Structures are given as C-alpha cells and as structure tokens.
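Beneath this line is the structure, given in structure tokens, with notes to follow.
The values are calculated or read from the model by the stated rules, or taken from the named source; none is laboratory data. Remember, predicted model here, so these are calculated numbers, not experimental data. With ideal geometry, Cβ positions are generated from the backbone for all residues, glycine too; neighbour counts draw on all protein chains shown.
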Amino acid sequence: MNSVTASFRESPSSLMSRDTPIVFVVDDDISVRESLESLIRFAGWQPQTFASAHEFLSRPRVFVPSCLVLDVTLSDLNGLDLQKRIATDRIDLPIIFITGHNDVPMAVRAMKAGAAEFLTKPYGEGVLLCAIQQAIECSQAALRREADMRSVRDRYTSLSHRERQVMALVVRGLLNKQVGVELGISEITVKAHRGNVMRKMKADSFADLVNMAARLQLVRRSAK
C-alpha cells in the first residue's frame, strides 16, 4: 500500500453517517464494482454500486457530497450518454470516468462536457482516491452554492407584492422619491418598504441587495 492510499484509510467505516460523502460506481464488471466498493469504503466514504446506467438513474438524487465513478463502455447506456443525461439536474455530482481504452477523442469529449477526471486502466489506487477527494470537494462547494441560492429565493418569496416592486426599482438605482412616483406612494412609505426588504432579505448593504437581485435575475449584472 503506497503512502497516498494509506492517507485515505484513516477513517473507519464505523464512523460513517448519512452525511458521509457517497461515491457512486457504475460499471457492468462485477469484479471492478467489488474492488472499488472495498477501496471506497476503506477510504471512509460510502460506496453505492450499480451494474448499469439505468439502474443508477432509478436511484433518487441525494443531497450529500458525492461523485460518480463511471465506466465509459456500459451495456445499456454508455458513460458519455449518461453524463449528458444528468448534466443539468445533477450539477453537484462530478464524474470520474474510467476506461480500459486509451481513446483520446473520447477523453476530450468527456472533459469538454464537464468530467472531473478521465482515468485509463490500469491506474493506481492513489490516483483514483485523489480524484475522488477533489470531486467530493467540488460537490460540497456546489451544494453550498445551491443551498445559498435556495435561501435567497426563500427570502424573496417572503416579501409582499409591494416590497418586491420596491426592491425591483431600488436595485435599478432609482431614488426613494422616484420609486414613490413610479408606484404612486409616498417617499416615507417607500423608505418603510425598503427597510422591510433589507431586513427580510438579510442584506448587509445595498450592494449586497443588488447582488441578490442579480442572482434572482431581477437585474442584470453590470458588464466588466
């Protein structure tokens, strides 16, 4: 066992919880699945193995850091097609391709489509484990971004119809007086609504509110 592999084998599987990162493996070779399952579990992650792409697709999405170790050549749906299938709804699931064929065009296609890594057999355990570690870190970052975006949307949903109107106008740069004229309400009322918007959106500053509005696509970000 090399030092790189050993460094991943310090966390006993007994410490796994439902928050432990999951490493999905899709490979139609049972010997490969069993070997990777053992390696992944010993490294401290949760392995889940599948013999086909359709079997994997039937598995509901998980909301814990995860990645997919995927064989390129599968009997039902090849790895590149599976990658395309999940590209939009599982952006928090980095894909590590494994293959027994040194196919450069295929590797280029996979990487251009967003694959985290493309490994040709035989590859060292340490190489695969490092790729998995990096993929899980990317998944963690994607899940954080998704949770943050969901929080912003929830805060926006909590605004009243009038507060949303005021927010839409102030982030465009209109002064309170101008907003009042636009909506047919007093400047004092605008100030009250604006204060409610800042509080409910948990904006630390006006710039912070503008940034949230841009993420919600209420206003375009300024071109750099």
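Listing for the model above:
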read-out	value
Any hit, the stretch 170-184, residues being in contact (Cβ under 8 Å) with a residue 24 or more places away in the chain and in a helix (DSSP H, G or I)	yes
Single match in Val152, Val108 (criterion: at pLDDT 95 or above and farther than 18 Å from Ile22 by Cα)	Val152
The stretch 94-142 - residue that is in contact with an Asp or Glu (Cβ under 6 Å, 6 or more places away or on another chain) and of a type outside the set (Val, Ile, Thr) and, of those, nearest to Leu70 (Cα to Cα)	Ala131
Hits in the stretch 169-187 (condition: surrounded by 13 or more Cβ atoms within 10 Å (Cβ to Cβ) and within 17 Å of Gln217 (Cα to Cα))	Leu169, Val170, Val171, Arg172
Candidate set from the stretch 70-95 (those that are among the charged types (D, E, K, R) and farther than 21 Å from Glu34 by Cα); member that is surrounded by the fewest Cβ atoms within 10 Å (Cβ to Cβ)	Asp89
Per-region count, the stretch 111-157, residues charged (D, E, K, R) and either under 30 Å from Gly195 (Cβ atoms) or not assigned by TED's automatic domain parsing to the domain that holds Ser66 (or both)	8
Subset of the stretch 122-161 that is among the basic types (Lys, Arg) and over 16 Å from Leu209 (Cβ atoms) - its residue that is surrounded by the fewest Cβ atoms within 10 Å (Cβ to Cβ)	Arg150
Extreme residue, farthest from the chain's Cα centre (by Cα), among residues of the stretch 188-224 that are among the hydrophobic types (A, V, I, L, M, F, W, C) and surrounded by fewer than 12 Cβ atoms within 10 Å (Cβ to Cβ)	Ile188
Options Phe97, Phe63: the member that is outside any helix (DSSP H, G or I), under 20 Å from Ile132 (Cα atoms), touching a strand residue (DSSP E or B) at 6+ places or on another chain (Cβ under 7 Å) and among the aromatic types (Phe, Trp, Tyr)	Phe97
Pairs with Cβ under 8 Å, 6+ apart, first in the stretch 53-71 and farther than 24 Å from Thr120 by Cα, second at pLDDT 90 or above and in a loop (DSSP other than H, G, I, E, B)	Val64/Thr20; Val64/Pro21; Pro65/Pro21
Enumeration of residues in the stretch 110-119 that are of a type outside the set (A, V, I, L, M) and exposed (fewer than 15 other Cβ atoms within 10 Å of the Cβ)	Lys112, Gly114
Qualifying residue in the stretch 93-100 (condition: more than 20 Å from the chain's Cα centre (by Cα) and either of a type in the set (D, E, K, R) or at pLDDT 95 or above (or both))	no
Index of the failed condition, Leu82 passing every other in (1) in a helix (DSSP H, G or I); (2) farther than 12 Å from Val26 by Cα	(2)
